[in-house]
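Read through the structure below, which is laid out as structure tokens, and then see the notes.
The values are calculated or read from the model by the stated rules, or taken from the named source; none is laboratory data. These figures come from a predicted structure and were not determined experimentally. In this analysis, Cβ positions are derived from the backbone assuming ideal geometry, glycine residues included, and neighbour counts consider all displayed protein chains.
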Amino acid sequence: MEYKIRVRFAPSPTGFLHVGSLRTALYNYLYARKTGGSFILRIEDTDRNRYVEGAVENLISTLKTMGLDYDEGPEKGGNFGPYFQSKRTSIYREYVDKLIADGHAYQCFCTPDDLEKMRNDQISRNENAQYDGRCRLLTQNQIKENLKTGLPYTVRLKVPNDGEITFYDLVREKVTFPWEMIDDQILIKSDGYPTYHLANVVDDHLMKITHVIRGEEWLSSIPKHLLLYQYFGWKPPKMAHLPLLLNKDKSKLSKRQGDVAVEDFLSKGYLTDALVNFVALLGWHAADDREFYTLTELEKAFSLKRISKSGAVFDLDKLNWMNGSYIRKLDQKDIEIRAVPYFESSGIDISDKRKYSRAITVLRERVDTLSEFPEKAKIFYGELKFDEEQLKIIHQENSRRLYSFWIEELQVQTEYNPESVKKLINDTQESLGVKGRDLYFPLRLALIGTTHGPDIPAIIEVLGIEDTVARLEKAKMI
Ligand code: GLU
């Protein structure tokens with residue numbers, strides 16, 4: 001049979017899609033596209049306590065928005081479904097029964113109180129807090145008896161007590177864990193649902209996954225997973241564990257929702273293309289260190305070989321810079337349309353289409369995200385307010401002369417053009433002897449309420465002559 005690469009993104013629906021998960025999804029997607037393989041979405045929803053209503057819908061719609069089409073999964077179907085683990089519980093049961101029958105797993109009847117006491121005793125003896133394996137010693141008769149009386153139980157994996165396991169990870173290379181660090185992992189919980197470990201291994205095998213690409217936090221689970229593969233007599237997939245995402249101070253990236261949810265980045269006005277580009281570079285880069293890629297370009301350039309081992313810093317300043325560059329690459333019309341919702345929620349009236357369009361032209365050079373447009377556009381709309389320092393400048397004799405001169409000159413201009421404003425600036429220098437800061441500061445203050453900002457011709461371009469004159473008049477009267 002022809003060998004085809006099959007990778008999967010296997011999120012648990014416990015909240016909105018985090019940027020770290022987006023990276024996992026993206027790398028899996030890119031590897032599938034690069035190799036002509038299949039990208040599978042599998043929902044790992046067996047932890048009913050952590051299930052969040054609406055999370056699956058959010059995951060699917062965010063993947064769609066980001067352009068990460070999957071080949072098999074919820075809504076799409078495929079030959080290896082169902083793609084929700086909660087619909088596969090009978091499959092896991094069948095496999096765990098086989099493990100028990102083969103002596104690789106056992107029923108554990110310890111109650112939460114027993115476990116708590118075991119833990120405390122171990123801690124007081126300065127030992128590792130781990131399951132001590134006491135239920136391994138139960139006789140077949142005792143087990144039968146307990147099952148008959150309906151005692152709740154979990155099923156645990158028999159993990160070797162000593163020795164070590166070594167395996168090869170495509171990113172981390174050779175990794176070794178001593179078995180004594182690893183607990184007799186629960187495979188089936190007392191509610192009858194499988195734990196992540198059992199369901200994940202069974203599904204990766206049944207879905208013919210060839211490469212597991214996921215975050216480094218799962219690396220320590222590999223010994224248990226490999227043991228399961230061995231007990232089942234299955235060939236494990238290849239593994240690639242992606243470096244941790246770090247804050248700038250090198251601490252682990254915050255998982256607080258809202259800080260790092262993809263949905264929040266989108267609603268703050270980050271562009272999908274910029275986010276994909278930025279996230280792609282969190283732990284991967286091409287040989288030439290190139291920075292800008294479209295998704296299609298990434299599909300060609302990506303390789304597992306160039307994933308780095310060391311943690312990837314999530315640098316918000318870089319994301320902002322990159323997003324700003326993407327905004328500036330968009331067509332003017334496109335930005336105008338995309339920015340509308342942000343203006344609508346800010347309450348700024350953009351019914352004057354000419355003014356709106358010109359404001360966007362000036363501000364597109366000055367924003368990092370779409371949501372910054374209304375905030376920055378405030379200088380062109382509504383009443384200006386001045387503080388004491390600013391009033392001092394406005395009240396200066398020079399400023400007053402300047403305002404009068406400009407009002408008079410501008411009133412005779414029927415058509416605005418940047419050249420005529422530049423000429424007016426020169427004329428002012430000649431006629432009034434006012435120049436430099438003495439000219440720009442009072443003018444900008446009168447026109448936009450701050451001393452720094454866009455060029456005077458650009459400001460007048462947005463305001464139009466009428467508004468410009470009105471604002472100068474107002475400053476003169478204050
Ligand atoms: N369900 C796990 C998660 O939420 C999947 C880990 C894996 O890819 O094996 O991240």
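Points to keep in mind about this one:
- Filter pass, Ile165 being farther than 30 Å from Leu246 by Cβ and either more than 16 Å from the ligand (Cβ to nearest atom) or in a helix (DSSP H, G or I) (or both): no
- Test: Thr210 is within 16 Å of the ligand (Cβ to nearest atom), modelled with pLDDT of 95 or more and either under 20 Å from Tyr27 (Cα atoms) or small (Gly, Ala, Ser) (or both): yes
- Lone unmet requirement of (1) within 16 Å of the ligand (Cβ to nearest atom); (2) assigned to a loop (DSSP other than H, G, I, E, B); (3) among the aliphatic types (A, V, I, L, M) for Val159: (1)
- Odd one out for Leu206 among (1) crowded, with 16+ Cβ neighbours inside 10 Å; (2) within 14 Å of Tyr92 (Cβ to Cβ): (1)
- Against the numbered list (1) part of a helix (DSSP H, G or I); (2) modelled with pLDDT under 95; (3) of a type in the set (Ser, Thr, Tyr), Ser310 comes up short only at (1).
- Residue match in segment 256-264 (condition: crowded, with 20+ Cβ neighbours inside 10 Å and either without any contact (Cβ under 8 Å) to a residue 24 or more places away in the chain or not in a helix (DSSP H, G or I) (or both)): yes
- Residues of segment 313-321 include none that is of a type in the set (A, V, I, L, M, F, W, C) and over 19 Å from the mean Cα position of the chain (by Cα).
- Residue satisfying condition, being farther than 30 Å from Leu138 by Cα, assigned to a helix (DSSP H, G or I) and within 16 Å of the ligand (Cβ to nearest atom), within set Arg23, Arg8, Arg33: Arg23
- Against the list (1) among the aromatic types (Phe, Trp, Tyr); (2) within 16 Å of the ligand (Cβ to nearest atom); (3) at pLDDT 95 or above, the condition Tyr106 fails is (2).
- Across segment 225-243, the number of residues qualifying as more than 20 Å from Val7 (Cα to Cα) and either without any contact (Cβ under 8 Å) to a residue 40 or more places away in the chain or within 15 Å of the ligand (Cβ to nearest atom) (or both) comes to 2.
- Given (1) within 16 Å of the ligand (Cβ to nearest atom); (2) of a type in the set (A, V, I, L, M, F, W, C); (3) in a loop (DSSP other than H, G, I, E, B); (4) surrounded by fewer than 20 Cβ atoms within 10 Å (Cβ to Cβ), number of the condition Leu219 does not satisfy: (3)
- Residue match in segment 260-278 (condition: touching a His at 6+ places or on another chain (Cβ under 9 Å) and away from the ligand (no atom under 16 Å from the Cβ)): no
- Conditions (1) part of a loop (DSSP other than H, G, I, E, B); (2) under 18 Å from Gly15 (Cβ atoms); number of the one not met by Asn58: (1)
- Scan segment 302-343 for residues that are closer than 20 Å to Leu30 by Cβ, touching a strand residue (DSSP E or B) at 6+ places or on another chain (Cβ under 9 Å) and aliphatic (A, V, I, L, M) and the total you get is 3.
- Among the residues examined, Leu187 does not qualify as crowded, with 20+ Cβ neighbours inside 10 Å, more than 12 Å from the ligand (Cβ to nearest atom), not in a strand (DSSP E or B) and not aromatic (Phe, Trp, Tyr).
- Under the condition of being among the aliphatic types (A, V, I, L, M) and in a strand (DSSP E or B), the residues counted in segment 80-113 number 1.
- Take the conditions (1) surrounded by 19 or more Cβ atoms within 10 Å (Cβ to Cβ); (2) modelled with pLDDT of 95 or more; Ala55 misses just one of them, which is (2).
- Hey, Ala240 in a strand (DSSP E or B) and on the phi < 0 side of the Ramachandran plot or not: yes
- All conditions but one from (1) in a helix (DSSP H, G or I); (2) more than 19 Å from Thr450 (Cα to Cα); (3) without any contact (Cβ under 8 Å) to a residue 40 or more places away in the chain; (4) not aromatic (Phe, Trp, Tyr) apply to Asp349; the one that does not is (1).
- Helices (runs of 4 or more DSSP H) completely within segment 394-478 that count 1 or more residues being within 42 Å of the chain's Cα centre (by Cα) and under 17 Å from Lys378 (Cα atoms): 437-448, 456-477
- None of Ile188, Ile209, Ile222 is more than 14 Å from Ala240 (Cα to Cα) and among the aliphatic types (A, V, I, L, M) except Ile188.
- If you check Ser308, Ser303 for being over 30 Å from Gly15 (Cβ atoms) and of a type in the set (Ser, Thr, Tyr), only one passes: Ser303.
- Of all residues in segment 140-170 being acidic (Asp, Glu) and within 16 Å of Met181 (Cα to Cα), the one that is modelled with the lowest pLDDT: Asp162
Matching residues to (1) of a type outside the set (Phe, Trp, Tyr); (2) loosely packed, with under 13 Cβ neighbours inside 10 Å; (3) in contact with a Ser or Thr (Cβ under 9 Å, 6 or more places away or on another chain):
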{"site": "Ile91", "(1), (2), (3)": "yes, no, no"}
{"site": "Asp102", "(1), (2), (3)": "yes, yes, no"}
{"site": "Lys144", "(1), (2), (3)": "yes, yes, no"}
{"site": "Phe177", "(1), (2), (3)": "no, no, yes"}
